[in-house]
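One structure below.
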Amino acid sequence: MNEPTTPAATLGAGLPAHVRDQIAAVVDASGDLEHVPTGSGALTVQVCSASETSYDAATWSTLGTYRAADAATLAERLLDALGDSANIGTDLGVLIVTHTHTDSLEAPAMTAPTAHGADGTPAPAAPLLTLDIAKADVLDDDFEWPEPGTPQALWMPHWLLQAAINSGAVTYDRRLWGELALSAEFTAPNRHELHFVITYEIDGAPNIVDGDTTDYPSDFNELSDDEQNAVPSTLVPNPETAASWLTYLVAAFNAVHASTDKLVRGWPQH
């Protein structure tokens with residue numbers, strides 16, 4: 001069951017009033033998205049505001065925890081509503097939508113956002129991948145979407161991500177990481193499980209392997225094989241667009257990258 005919607009009054013007091021209203025309107029209109037407990041397959045969506053040089057802790061607000069695909073859909077809707085002033089970042093298990101405003105006063109040095117705000121905890125590693133939503137939208141027409149249920153459909157997330165990298169919709173710091181090899185493959189036509197692999201172009205760095213799994217219904221084990229395969233996958237965004245898919249995939253790969261934070265920080269060669 002969905003949780004109550006988020007009125008503007010409950011959002012961070014430091015957010016500009018019109019931004020609070022826009023965020024509240026998006027959340028109010030997102031009753032089709034399902035709130036879930038934190039855990040595997042779930043992402044918490046947070047919003048904050050920043051100048052060009054600093055993040056404002058008073059603006060941090062948590063909108064809720066959703067199935068990963070639904071969280072990606074909500075983040076995409078927020079980006080659409082806030083326009084060019086917004087961007088998306090990730091931390092472990094969190095999607096962070098940031099509204100950027102012009103700050104005419106001298107501000108403190110820029111610090112990276114964390115899922116808990118400016119509470120003195122160590123800043124997480126910078127996200128591996130960055131998504132440009134405007135360029136991602138173009139891929140809806142340019143990308144050749146495979147027919148569902150075909151062998152090619154198993155690799156759809158992989159080829160969409162490669163197309164996004166080639167078009168500049170998804171970028172990363174090649175000076176730091178070299179040529180990354182990123183793989184995202186469904187393990188079966190039912191699209192219940194996704195397999196992620198990151199291969200860093202750094203001598204001695206192992207492949208980083210992880211995955212994501214749909215939320216299975218409580219009676220899943222009682223269903224026949226055909227009924228199990230017919231269970232809709234919560235990994236698949238609704239609607240299934242390039243932007244919604246890439247929002248989810250970028251967040252997933254950034255989470256995999258961040259999960260090896262201590263190891264990864266020791267790899268880059270300058």
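Measuring only protein heavy atoms, the 1.4 Å probe finds Trp145 accessible over about 90 Å². Using heavy atoms of the protein chains and a probe of 1.4 Å, the accessible area assigned to Asp132 is about 60 Å². Enclosing the Cα atoms of segment 137-181 in their convex hull gives a volume equal to 70 cubic angstrom per residue. Leu79 sits among other residues whose Cβ lies under 13 Å from its own Cβ, and their net charge, with Lys and Arg +1 and Asp and Glu -1, is -3. For the pair Trp159 and Glu193 in one chain, pulling the backbone fully straight at 0.36 nm per residue adds 10.6 nm over the alpha carbon distance. Rounded to the nearest 20 debye, the dipole magnitude of segment 135-191 is 280 debye, with +1 charges on Lys and Arg beta carbons, -1 on Asp and Glu beta carbons, and the Cα centre as origin.
The values are calculated or read from the model by the stated rules, or taken from the named source; none is laboratory data. The model shown is predicted, which means the values in this text are computed figures rather than measured ones. Ideal geometry is used to build each Cβ from the backbone, glycine not excepted, and the neighbour counts take in all protein chains shown. Ligands, DNA and RNA are excluded from the accessible area calculation, which covers all protein heavy atoms including side chains. Shrake-Rupley method; radii C 1.70, N 1.55, O 1.52, S 1.80 Å.
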